[in-house]
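Structure, as structure tokens:
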Amino acid sequence: MMQKKIVVIAGDGIGQEVTRCAQDVLKLIGAQHGHQFEFDQALMGHVAIEATGDPLPAETLEKCSQADAILLGAVGHPMYDNNPGAKVRPEQGLLKLRKSLELFANIRPIKLFDDLLDSSSLKPEILQGVDILFFRELTSGIYFGSPRERSANGEEAIDTLRYTKDEVRRIAHKAFKAAMTRRKMVCSVDKANVLESSRLWRETVNEVAKEYPEVSLTHMFVDNASMQLIRDPRQFDVVLTGNMFGDILTDEASQIAGSMGMLASASTGTQTSVYEPIHGSAPDIAGKGIANPLAAILSVALMLDLSFGLKEEAQQIEQAIDEVLRSGYRTIDIAGEGLPEDKLLNTQQMSEQVQQALKAKLTLKS
Ligand code: NAD
């Protein structure tokens with residue numbers, strides 16, 4: 001029996017809709033296994049700006065620092081996306097949370113449920129058996145380096161790509177440790193033929209690799225990696241990369257899984273970890289109740305596994321999703337062509353199907 005405090009930051013748009021589902025699943029699995037999960041809601045993003053003027057109010061940070069894990073939906077609103085001059089923005093909340101909790105490693109599993117082989121825009125024979133674990137550095141690199149400014153006359157802009165060896169070392173260790181529990185392969189992605197920061201990255205990863213002699217390390221340039229990911233994704237086991245390259249490659253890789261609505265992520269560091277779907281607030285479908293909640297529900301499975309060590313519970317959630325998909329149920333983003341009408345589910349219905357499958361499991365067991 002475990003007692004855990006979980007802070008839920010639903011955020012904006014579909015973040016509100018999918019975290020509700022994820023929380024329901026977490027409550028159910030907790031009750032089934034006798035765990036006590038205590039939930040506390042906190043504000044971040046556009047909703048926080050509206051309520052307090054601050055995208056990450058001090059109260060939210062305080063709650064997060066006391067929590068055992070954090071479940072996050074998404075932040076973002078078209079009001080800011082269409083106004084590059086806005087001084088206060090929802091994403092500032094997310095970046096500040098990552099920095100404050102030192103969430104330097106973003107972990108994204110890319111796996112395809114067998115029943116979704118046809119939902120991807122890639123050929124099924126290329127996808128079958130894909131199992132990639134991305135480690136993206138999250139609190140440094142070009143998204144954080146300074147100077148970051150516009151010249152006085154507005155005709156020139158500068159961003160700074162900076163890494164220290166310590167920053168590379170700590171995420172490299174996480175990636176190598178994970179590889180030891182998998183197929184023992186790490187592919188480090190950089191642009192060392194052009195960038196000095198990438199040469200430092202490569203040198204440091206080579207040094208760390210010496211501590212993991214069983215793991216085979218390869219290096220790949222990011223342009224080649226972006227091509228190899230869709231040419232032959234099965235060649236990858238653990239992929240280790242910097243902040244911006246990881247941002248782009250993981251969105252590309254999301255297409256392997258059929259939809260942004262299918263992929264979970266964990267952001268970990270030295271303190272509390274954050275679990276969130278990789279998608280954003282999806283303003284185009286927000287409020288319609290049609291978002292796919294499975295990425296958020298898979299984020300909960302990742303939380304149970306990585307933060308609480310509850311592997312069986314995590315696996316049960318994944319199996320429940322697998323069964324629901326095998327029964328042919330789909331949300332609109334993974335529907336494909338010719339789906340019978342009674343198999344098309346909205347957000348809430350998909351969540352209920354997963355909960356039904358979990359309940360059926362426990363009945364079978366007892
Ligand atoms: P997005 O991920 O919100 O949406 C991209 C496309 O995928 C949209 O067509 C959307 O409808 C679809 N989609 C995403 N999640 C889905 C789901 N669960 N079910 C079904 N369809 C889904 O990306 P975007 O449109 O580039 O950004 C929208 C807003 O989200 C922006 O303000 C952006 O800054 C923000 N954003 C936030 C995060 C985050 O909070 N971590 C990440 C990415 C983008």
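The values are calculated or read from the model by the stated rules, or taken from the named source; none is laboratory data. Because the structure is predicted, anything quoted here is derived from the model rather than measured. Quick reminder, even Gly has a Cβ in these numbers, built from the backbone with ideal geometry, and neighbours come from all protein chains shown. The area values use the complete protein model at the heavy-atom level, side chains included, leaving out ligands, DNA and RNA. Shrake-Rupley method; radii C 1.70, N 1.55, O 1.52, S 1.80 Å.
Just checking, how many residues over the range 254-263 are surrounded by fewer than 24 Cβ atoms within 10 Å (Cβ to Cβ) and of a type outside the set (S, T, N, Q)? Looking only at that region, the number is 2.
Pick from the range 77-113 the residues that are away from the ligand (no atom under 15 Å from the Cβ) and small (Gly, Ala, Ser): which of them is least open to solvent (accessible area, probe 1.4 Å)? Among those residues, the one meeting the criterion is Ala105.
Return yes or no: is Asp322 within 16 Å of the ligand (Cβ to nearest atom) and either more than 21 Å from Val238 (Cα to Cα) or surrounded by 23 or more Cβ atoms within 10 Å (Cβ to Cβ) (or both)? Criteria not met by Asp322. All conditions but one from (1) open to solvent by less than 50 Å² (accessible area, probe 1.4 Å); (2) within 16 Å of the ligand (Cβ to nearest atom); (3) modelled with pLDDT of 95 or more; (4) in the same structural domain as Glu323 (by TED's automatic domain parsing) apply to Glu313; the one that does not is (2). Open to solvent by 80 Å² or more (accessible area, probe 1.4 Å) and touching a strand residue (DSSP E or B) at 6+ places or on another chain (Cβ under 7 Å), is that true of Arg202? Spelling it out, it is not the case that Arg202 is open to solvent by 80 Å² or more (accessible area, probe 1.4 Å) and touching a strand residue (DSSP E or B) at 6+ places or on another chain (Cβ under 7 Å).
Scanning the range 36-56 for residues that are closer than 19 Å to Tyr275 by Cα and away from the ligand (no atom under 16 Å from the Cβ), which turns out least open to solvent (accessible area, probe 1.4 Å)? Only one residue fits best here, namely Phe37.
Looking only at residues in the range 153-192 that are assigned to a loop (DSSP other than H, G, I, E, B) and of a type in the set (Lys, Arg), which one is nearest to Phe245 (Cα to Cα)? This residue is Lys191.
The listed residues are Ser119, Ser146, and the only one of them that is outside any strand (DSSP E or B), open to solvent by 20 Å² or more (accessible area, probe 1.4 Å), among the hydroxyl-bearing types (Ser, Thr, Tyr) and more than 27 Å from Lys184 (Cβ to Cβ) turns out to be Ser119. Checking each residue in the range 122-175 for being small (Gly, Ala, Ser) and in contact with a Lys or Arg (Cβ under 9 Å, 6 or more places away or on another chain) picks out Gly129, Ser140, Gly141, Gly145, Ser146, Ala157. Looking only at the range 1-17, residues that are open to solvent by less than 50 Å² (accessible area, probe 1.4 Å), of a type outside the set (D, E, K, R) and under 22 Å from Gln92 (Cβ atoms) come to 8 in all.
In the range 60-69 there is at least one residue that is modelled with pLDDT of 95 or more, part of a strand (DSSP E or B) and either surrounded by fewer than 24 Cβ atoms within 10 Å (Cβ to Cβ) or away from the ligand (no atom under 13 Å from the Cβ) (or both).
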